[in-house]
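Report on one structure; see the data block that follows.
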Amino acid sequence: MLKILGATFALLAAVPASAETVIVTADRMIDVVSGKVVDHPAVTIVDGRITGIADARTIRFGSDVKHIDLGSKTILPGLIDMHVHLTGLAEIGGYRGLQYTDAFWGAVSVANAKKTLEAGFTSVRNVGADAFQDVGLREAIDGGWVPGPRITTATYAIGATGGHCDNNALPPSRDRKEASVVNSPEEARAKVRWLHKYGAQVIKICATGGVFSLGDSVGGQQLSLEEMKAIADEAHMLHLKVAAHAHGDEGIRTAILAGIDTIEHCSLASDETIKLAVAHKTWFDMDIYNDDYILATGTANGTEQESLDKEKVIGLKQRQTFQRAVKAGVRMIFGTDAGVYPHGDNGRQFAKMVEWGMTPIQAIRAATSDAAEALGKTNDVGAIAVGRYGDIVAVDGDPLADVRVLEKVSAVIKGGVRVK
């Protein structure tokens with residue numbers, strides 16, 4: 001930290017006079033890597049990236065510097081949600097979604113992105129969207145047309161015929177092969193190439209059944225080892241990471257053996273599979289908050305009774321699996337499945353992670369430094385550190401003492417620009 005502090009002014013001196021300089025100050029900063037609290041931080045951001053961190057009591061602010069004074073707040077790196085669906089709405093479930101035109105979902109994603117950003121999540125991984133709508137949203141945000149987080153896009157999630165990534169809601173007379181479907185290792189490889197061509201920055205697969213897919217077993221495996229390995233090999237060759245939706249133990253185990261990078265949900269993982277995840281250094285991404293919302297709303301939002309029954313079976317088991325995985329030392333990241341519950345409430349999962357076995361700093365790292373590592377973006381996000389984007393959130397109080405303060409962030413800065 002002392003080296004970083006001392007480098008502040010040298011770095012500023014090397015910046016061209018035309019570059020915009022912003023200095024963010026607050027009473028405290030959480031250094032997520034060390035877990036320590038830094039008093040009176042002054043974070044210098046030039047053209048969107050952090051160039052230095054100093055003691056605010058030792059610096060003078062020139063007229064050419066924009067000063068964002070957050071007063072008595074505590075600042076942390078911008079938060080990262082590794083499992084969202086910005087083109088989905090929890091309030092419209094089941095067959096009700098068929099009442100809306102296809103373009104509706106891209107339109108509401110703009111509002112969902114803004115809610116997510118204002119909740120303190122400056123980066124997200126969008127793991128599944130139809131018609132490349134997540135790519136369009138990312139392009140609009142990156143171009144400055146609409147507000148939102150930095151999005152890593154998966155486009156379509158890949159799965160088998162009749163599986164969680166297929167559409168099983170319509171009769172045979174309305175049957176079509178969805179763009180997401182593959183039925184062999186060869187088709188799987190070709191699909192990865194096609195998705196990458198049109199904007200996929202991460203590949204998502206459906207290794208098992210799901211809660212919100214109709215007619216399948218929530219834990220049943222739906223892709224073979226050969227298909228999963230073909231996807232992982234092709235994606236890794238293209239320098240893409242792979243996420244696997246997997247509730248059932250066999251599907252989770254197979255995904256780990258296939259070389260999948262992150263396993264989503266992980267509801268029914270056995271102790272043996274958890275040990276395998278530790279050995280392979282596979283990330284678990286477990287959405288352990290949304291069970292509360294799903295069970296509380298029942299069928300009111302259009303959720304089918306079949307899906308509600310599945311959730312009743314696996315909800316508690318998933319949290320117990322999370323507890324065992326944390327205790328065993330599995331690498332964990334923060335993912336909420338936002339879209340299954342209302343966007344903007346992402347921060348509510350922190351308290352659940354602590355309730356089920358994590359320390360506050362572990363939960364915070366899952367949404368910052370660890371998430372950045374799983375994304376492969378440690379040069380860009382995940383910490384308040386020189387070289388990374390100036391993405392910062394501010395909260396009242398001490399999140400290391402009460403992680404619930406992260407449910408209501410009071411300020412959000414993205415790339416040195418205050419957006420809340």
*Please specify each residue of the range 95-111 satisfying the condition of being out of contact with any helix residue (DSSP H, G or I) (no Cβ under 6 Å at 6 or more places or on another chain) and within 20 Å of Gln201 (Cα to Cα).*
Val110
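Given the criterion within 30 Å of Pro185 (Cβ to Cβ) and either in contact (Cβ under 8 Å) with a residue 40 or more places away in the chain or in contact with a Cys (Cβ under 9 Å, 6 or more places away or on another chain) (or both), identify the matching residue among Thr161, Thr152. Before you say what the answer is, go through the steps one by one.
Values: Thr161 fails: either in contact (Cβ under 8 Å) with a residue 40 or more places away in the chain or in contact with a Cys (Cβ under 9 Å, 6 or more places away or on another chain) (or both).
None of the others qualify; the one that does is Thr152.
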*Cross-chain or 6+ apart pairs with Cβ under 8 Å, the range 216-228 first and crowded, with 16+ Cβ neighbours inside 10 Å, then among the basic types (Lys, Arg)*: Val218/Lys310
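Could you grab me the full set of residues in the range 266-286 that are under 20 Å from Ser217 (Cα atoms) and open to solvent by 10 Å² or more (accessible area, probe 1.4 Å)?
Leu268, Ser270
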*Taking Ile141, is it in contact with a Gly (Cβ under 9 Å, 6 or more places away or on another chain), over 29 Å from Asp291 (Cβ atoms) and crowded, with 20+ Cβ neighbours inside 10 Å?*
yes
*Across the range 334-378, what is the number of residues that are open to solvent by less than 10 Å² (accessible area, probe 1.4 Å) and either under 30 Å from Gly302 (Cα atoms) or in contact with a His (Cβ under 6 Å, 6 or more places away or on another chain) (or both)?*
10
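Condition check ((1) over 23 Å from Ala154 (Cα atoms); (2) of a type in the set (Ser, Thr, Tyr); (3) at pLDDT below 95; (4) open to solvent by less than 10 Å² (accessible area, probe 1.4 Å)) across all residues:
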| position | (1), (2), (3), (4) |
| --- | --- |
| Thr44 | yes, yes, no, yes |
| Asp47 | yes, no, no, no |
| Phe104 | no, no, no, no |
| Thr122 | no, yes, no, yes |
*Within the range 293-331, which residues are closer than 20 Å to Arg348 by Cβ, open to solvent by less than 30 Å² (accessible area, probe 1.4 Å) and polar (S, T, N, Q)?*
Asn301, Thr303, Gln318, Thr321
*open to solvent by less than 10 Å² (accessible area, probe 1.4 Å), of a type in the set (Val, Ile, Thr) and farther than 24 Å from Gly339 by Cβ, is that true of Thr74?*
yes
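For (1) in contact with a strand residue (DSSP E or B) (Cβ under 9 Å, 6 or more places away or on another chain); (2) farther than 25 Å from Gln201 by Cβ; (3) at pLDDT below 95, each residue gets a yes or a no:
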| residue | (1), (2), (3) |
| --- | --- |
| Gly329 | no, yes, no |
| Ile333 | yes, no, no |
| Lys352 | no, yes, no |
| Gln362 | yes, yes, no |
| Ser369 | yes, no, no |
| Ala383 | yes, no, no |
| Arg404 | no, yes, no |
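Please go through the range 46-79 and pick out each residue that is of a type outside the set (Gly, Ala, Ser) and closer than 21 Å to Ala119 by Cβ.
Ile68, Leu70, Lys73, Thr74, Ile75, Leu76, Pro77, Leu79
The values are calculated or read from the model by the stated rules, or taken from the named source; none is laboratory data. Quantities reported herein were computed from a predicted structural model and do not represent experimental measurements. Using ideal geometry, Cβ is built from the backbone for each residue, glycine included, and neighbour counts are taken over all protein chains shown. All accessible areas refer to the heavy atoms of the entire protein, side chains included, with ligands and DNA or RNA removed. Shrake-Rupley method; radii C 1.70, N 1.55, O 1.52, S 1.80 Å.
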